[in-house]
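Readers should treat all values here as calculations from the given coordinates under stated rules, not as data from a laboratory. Computed from a predicted structure; not experimentally measured.
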Amino acid sequence: MRPATRIRAHDLEGAIGLVNDSPYGLTTAIHTASVHRAMLFAERAQAGVVVVNGGTHGSEPHMGFGGVKQSGTGWREAGVEALDVYSDLKVVNLISDPELT
């Protein structure tokens, strides 16, 4: 499939298929009056960013931006997700006994 700026799909399954059949997955968008269809599309589309009723866009400082498949760098740029690059996660499970002091 050659890259396109807009492709009209015949139905929701067709739109999801167009996105998921691509080797790329940086951003995608859907234009629909149905919130239900928009949320199904967002859930099932294999893309790092999904836009509803707007154009796809580049990185914004308050949002993590990155793709899946052959798009992006494999991690999210900007946003709070960028802090993960500089952090190590530690889980502490503390079970206390009030009888012991």
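Work out how much length A33 to N53 would gain on full extension: take 0.36 nm times their residue separation and subtract the Cα-Cα distance, in nm to one decimal.
This chain segment gains 6.4 nm when fully extended.
Amide H contacts of G25 (H built 1.01 Å from N, in plane; Pro and chain starts excluded): V68, Q70, S71 sit under 5 Å, all sequence-distant by 5 or more or on other chains.
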